[in-house]
Amino acid sequence: MAVDVPEVEEVRKLLEELNEKALVARLDSFLRLNEGLESKKGKDFIEVSVLGFLEGVLTVLRAKYPGKEKVEALYVRVKSRREELDEQFRKPGIPLEEE
């Protein structure tokens, strides 16, 4: 993968430990779809996209494996990192004039 997102390998390892082969296949498919988009969309945009996908996968795992500490910890880390990067892409709000 062109964009290096360390959490990808952690999520992949977790999916393999949980024997979630279908989700590993979805992850691989998503990553292949994003290859080559870096030059068009930019590294940070692709990274936010990948982190958002990982957050979704981990949300599914949280529902499927409630209370599993490893899933929860990774979810919190991925979500936090995605939110930080996502702030770069938000348009600033238009200030409203005070009356």
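The values are calculated or read from the model by the stated rules, or taken from the named source; none is laboratory data. Fair warning: this is a prediction, and the values are worked out from it, not measured in the lab. Ideal geometry is used to build each Cβ from the backbone, glycine not excepted, and the neighbour counts take in all protein chains shown.
Computed values, structure above
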| quantity | calculated |
| --- | --- |
| Residue satisfying all of: in region 32-51; surrounded by 13 or more Cβ atoms within 10 Å (Cβ to Cβ) and among the polar types (S, T, N, Q); modelled with the highest pLDDT among these | S49 |
| Hits in region 65-76 (condition: assigned to a helix (DSSP H, G or I) and more than 15 Å from E16 (Cα to Cα)) | E69, E72, A73, Y75, V76 |
| Failed item in (1) among the acidic types (D, E); (2) surrounded by fewer than 14 Cβ atoms within 10 Å (Cβ to Cβ); (3) modelled with pLDDT of 95 or more, with E55 passing the rest | (2) |
| Scope region 25-64; condition over 16 Å from R82 (Cα atoms) and not in a helix (DSSP H, G or I); matching residues | E35, G36, L37 |
| Tally, over region 4-25, of residues that are surrounded by fewer than 16 Cβ atoms within 10 Å (Cβ to Cβ) and basic (K, R) | 2 |
